[in-house]
Structures are given as structure tokens and as C-alpha cells.
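Contents: one structure, followed by commentary.
The values are calculated or read from the model by the stated rules, or taken from the named source; none is laboratory data. Everything quoted here is computed from the prediction, not taken from an experiment. We place every Cβ from the backbone using ideal geometry, glycine too, and count neighbours over all the protein chains shown. Accessible surface areas use protein heavy atoms only, side chains included; no ligands, DNA or RNA. Shrake-Rupley method; radii C 1.70, N 1.55, O 1.52, S 1.80 Å.
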Amino acid sequence: MTPISVNYRSLSGPEEIDLFCRLSYVLDHELADDFAEGRRRPEWTWVALDGDRLLARLSWWTTPGGQVPLQFDFFDVDDSLPRDLRDEIGLRLFRAATAAVFPDGAELPECGRFVPPDWREDPAAREVVESRTRVLEGTGARLLVERLRLQWTPATPATPATPATPTVPATPATPLPDTAERLTFRPVADREDLLALMEPVLAGTLDAHGQAELAAGRTPREVAERHYDDEFAGFKSPQDWWRIAELPDGGGPVGFVVPARNSYNPIIAYIGVLPAHRGHGYIDEILAEGTRVLAAEGVDRIRASTDLGNVPMAKAFARAGYINFERTLNLVWD
């Protein structure tokens with residue numbers, strides 16, 4: 001039994017953000033805007049308290065104005081607590097919160113946890129990562145994939161780590177990638193124009209999320225439609241940023257890239273090469289085009305991500321000047 005008196009409850013409102021931030025995580029600086037814009041709700045944001053001492057916290061996120069949680073992205077426990085007590089409090093908090101937020105038998109949203117790029121080599125960081133993962137595994141979660149978080153900037157000065165932001169290493173000015181020499185680009189005409197290319201790109205995909213959806217019995221068309229409707233359709237940035245890559249003189253499509261701006265950053269949301277054209281280095285020219293589209297808008301950074309195991313895509317980002325500043329652990333409940 002827990003040898004201290006613990007109160008498990010949701011926040012009363014955004015006015016308790018300061019209480020919630022007595023523990024820290026790299027997304028703390030987004031909380032106020034998330035509450036203001038309806039991406040987070042007090043009843044989805046829970047704490048474990050011993051008096052006024054914060055022992056653990058968690059929260060779910062959604063799209064602006066969303067009615068149901070879509071991602072579990074905050075889960076922290078006071079690391080000064082003994083390991084067994086830490087695990088017990090984290091587990092009790094998760095169970096109390098999920099019982100209040102979700103109906104019995106409901107599918108739980110995926111967990112996304114940002115971690116340092118070298119977390120395995122840093123003993124302190126590794127302990128934090130493994131302690132959170134251990135508790136979630138005790139609730140039935142499993143690791144789906146580890147992903148690289150990537151960033152391109154015209155120039156990246158050294159930035160120190162703070163509770164709000166991870167360290168992004170210094171890099172020299174990153175020039176725009178070379179102009180495409182073998183491909184031409186045009187805007188995406190409409191939803192069907194892009195879906196017709198997304199569907200075959202899923203063939204042989206190295207993306208763990210795509211593989212999981214296909215393994216669950218969805219067709220490539222269904223996976224493409226779900227991705228488009230759940231993510232792309234919600235972007236507020238112009239759709240005419242999206243590009244389809246083609247061979248010159250009517251040679252047909254080779255691939256596509258979706259540069260966009262989500263609620264937080266300019267991003268390369270999706271990029272793909274059709275199976276018949278893989279292995280010829282076209283990914284470099286397509287990624288370069290997406291990067292140029294966003295750079296032309298005067299952005300100070302571009303974010304992207306890819307699975308750790310997707311080595312060809314990771315190498316393409318590195319060739320284009322993107323640095324790996326963080327990783328994401330995605331856990332799911334079957």
C-alpha cells in the first residue's frame with residue numbers, strides 16, 4: 001500500500017497549469033495555448049498529489065476543438081521517489097484517469113513520448129525513459145516504434161536545454177537543397193489526385209504505423225484515406241504548397257511531398273516515391289522541393305520525422321541538412 005496520502009484528480013481548469021508544471025517535460029511551454037485553443041481539456045489532465053506536492057501527472061491531447069482524446073503525450077512521475085513507489089503512483093494515476101476519461105472497453109489513444117536522441121547512452125535519461133515505459137507496459141502498452149525527430153534551419157545557433165525546450169545542437173548555415181534536375185513539380189489538384197499516389201506508396205512501406213494499419217486488415221486505400229482525412233484535411237496552411245513530382249515530357253508521376261504547417265511548426269508531413277521509381281535517388285529531389293516550398297515562406301525551422309528503422313529516409317533527410325535533435329517513442333494498447 002502507498003505509505004503516503006495520495007489524491008488522484010483532474011485539474012480544475014487552466015489556472016492550475018502552474019501546479020501541473022511542478023514536474024517538467026519538453027512540451028510544458030505549449031500547455032497554455034493548448035488549453036486556450038481546445039487541444040487539451042482540464043478533465044483530460046490529471047495529477048497525483050500529496051498535499052500540495054506533485055507526485056505524478058498525465059494528459060491527453062486532441063486537434064483544436066476535438067471532442068475525444070487523440071494522443072497520450074504527458075506522463076511524468078517525481079523521480080526522487082523510490083522506484084517501487086514511483087511505479088505504483090504512476091500506475092494508480094493512469095488507471096484512475098483512464099477510468100474517468102474513457103468508457104469501459106474503449107480503445108486508448110497512442111502514446112507519444114519525446115526523448116533525447118542519445119537517451120540510451122545517458123544513464124539519467126535512460127532511467128527516466130525506462131521508468132515511464134515500465135509503468136505503461138504494466139497497463140498493457142507496448143512499443144510500436146521509435147522515431148527520429150528532425151529539423152532543418154537556415155542556420156541553427158546553439159540553444160541550451162531548458163524545461164521547455166530540448167537542446168538543438170549548433171549547425172552551420174544550411175543551404176537550400178539543389179534544384180531538381182530530373183523532375184518537374186506541380187501542385188496537388190484535389191483529394192483524389194493525392195490519394196491515387198498515396199495508395200501505391202504504401203506498398204512495401206517501411207513506416208511502422210502504415211504497416212500496423214495494413215496488418216490490421218485495412219486496405220492501402222483505406223489507410224491513405226484515413227491519413228488524409230485525419231491529418232492533411234486539418235492543416236490550415238495552403239494546399240497549394242503540396243507537390244507532385246513528375247518525369248518531364250509527360251513521363252508520369254514519380255512521387256509527392258506534403259509541406260504544411262501544423263498547430264506548432266512548419267513540417268514535412270508526408271513524402272513518398274512510387275514503387276516503380278524507388279532506388280533512383282528521386283527522394284532527394286522531392287524532399288528538396290518540399291523544403292524549398294516552406295523556406296520560401298520565411299520559416300525559421302522545418303520539422304520532420306521518420307522511423308528509426310527507415311534507414312533510406314533517414315539518410316535522405318541527413319543529406320538535405322536535417323539534424324536529429326530528438327526521438328519519439330510511440331506506444332500502443334492492443
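Worth a mention:
- Output for region 258-269, where each listed residue is open to solvent by 50 Å² or more (accessible area, probe 1.4 Å), of a type outside the set (S, T, N, Q) and either part of a helix (DSSP H, G or I) or free of Cβ contacts under 8 Å to residues at least 60 places away in the same chain (or both): Arg261
- Residues (among the β-branched types (Val, Ile, Thr) and touching a Phe, Trp or Tyr at 6+ places or on another chain (Cβ under 6 Å)) located in region 251-289: Val254, Val258, Val273
- Selected residue [surrounded by fewer than 15 Cβ atoms within 10 Å (Cβ to Cβ) and at pLDDT below 95] from Pro248, Pro187, Pro238: Pro248
- Test: residue in region 291-309 that is under 24 Å from Leu143 (Cβ atoms), out of contact with any Lys or Arg (no Cβ under 8 Å at 6 or more places or on another chain) and open to solvent by 20 Å² or more (accessible area, probe 1.4 Å): yes
- Inter-residue pairs, beta-carbon under 7 Å, first under 16 Å from Arg132 (Cβ atoms) and in region 19-33, second modelled with pLDDT of 95 or more and aliphatic (A, V, I, L, M), 6+ apart: Leu23/Leu54
- Region 310-334, residues that are open to solvent by 20 Å² or more (accessible area, probe 1.4 Å), farther than 20 Å from Gly210 by Cα and assigned to a strand (DSSP E or B): Ile323, Asn324
- Options Gly290, Gly272, Gly255; residue that is within 19 Å of the chain's Cα centre (by Cα), modelled with pLDDT of 95 or more and in a strand (DSSP E or B): Gly272
- Among the residues of region 27-83, those identified as part of a loop (DSSP other than H, G, I, E, B) and open to solvent by 50 Å² or more (accessible area, probe 1.4 Å) are Glu37, Arg41, Gly51, Asp52, Thr63, Pro64, Gln67, Val68, Leu70, Asp79, Ser80, Pro82.
- Restricted to region 279-290, and to residues there that are of a type outside the set (D, E, K, R) and on the phi < 0 side of the Ramachandran plot, the residue that is surrounded by the fewest Cβ atoms within 10 Å (Cβ to Cβ) is His280.
- Breaking point among (1) of a type in the set (Gly, Ala, Ser); (2) open to solvent by 50 Å² or more (accessible area, probe 1.4 Å); (3) on the phi > 0 side of the Ramachandran plot, for Ala276: (3)
- Matching residues in region 96-117 - criterion: being in a loop (DSSP other than H, G, I, E, B), open to solvent by 50 Å² or more (accessible area, probe 1.4 Å) and over 30 Å from Ala304 (Cα atoms): Pro103, Asp104, Gly105
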